[in-house]
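Notes for the one structure printed next.
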Amino acid sequence: MSSSFLVLLVIAVFMGALIGLWLRSSNGEQHSEPPTPLSPEEGQARLAELINSGQMINAIKLHRQLHGSGLKEAKDAVEAMRDGRAPMGLPARRALSDSDTNDAIERAVRDDNLIQAIKLYRDQHGVSLKEAKDAVEAMRADLLQRG
């Protein structure tokens, strides 16, 4: 093989790689609108629709989005709903009043029991794990600032 043939071959491979990267990046530029956030009730209704229609992967993805759960936890929960071992509706709220619950959350934060505080916050407000964690951390920062 001549050296000019090898140079042309290297240039052709390089150009092919550049064209491939360009095509790949131009296909990825399809800007889609972010999904609109669902209320807890709408999310659970959509989750029930997905489970009833057999779209388990989408149901697991939605469960993770709604509840901030891990993959295994979401899969187990969705399968339990599908099999009738768990209700498809929203989890029952605690019977404590708002002030009692807020006091319990604040006590848990003051006692540095953040996991319990997050659980209480999620039970009371029906938010995802991340939202509850962020709220409890903000409450903790506020309590530390106040002394």
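The values are calculated or read from the model by the stated rules, or taken from the named source; none is laboratory data. Quantities reported herein were computed from a predicted structural model and do not represent experimental measurements. So basically every Cβ, Gly included, is an ideal-geometry build from the backbone, and we count neighbours across all protein chains shown.
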Quick one: how many residues across region 50-70 are under 16 Å from the mean Cα position of the chain (by Cα) and either of a type in the set (Asp, Glu) or loosely packed, with under 12 Cβ neighbours inside 10 Å (or both)?
-> 2
Do we find a residue being within 22 Å of Gly126 (Cβ to Cβ) and at pLDDT 70 or above anywhere in region 19-36?
-> no
Of (1) assigned to a helix (DSSP H, G or I); (2) aliphatic (A, V, I, L, M); (3) touching a helix residue (DSSP H, G or I) at 6+ places or on another chain (Cβ under 6 Å), Ala80 fails just (3)
Hey, could you check region 121-147 for residues that are touching a residue at least 24 places away in the same chain (Cβ under 8 Å) and over 21 Å from Gln65 (Cβ atoms) and say which is surrounded by the fewest Cβ atoms within 10 Å (Cβ to Cβ)?
-> Leu143
Taking only pairs six or more apart or across chains, which ones have beta-carbon atoms under 7 Å, a first residue in region 71-83 that is in the same structural domain as Gln55 (by TED's automatic domain parsing) and surrounded by 15 or more Cβ atoms within 10 Å (Cβ to Cβ), and a second residue that is basic (Lys, Arg) and in a helix (DSSP H, G or I)?
-> Ala74/Arg64
Give, as residue ranges, the helices (runs of 4 or more DSSP H) completely inside region 95-147 that count at least 1 residues that are among the aliphatic types (A, V, I, L, M) and either in contact with a Ser or Thr (Cβ under 7 Å, 6 or more places away or on another chain) or within 20 Å of Glu73 (Cα to Cα) (or both).
-> 114-125, 129-146
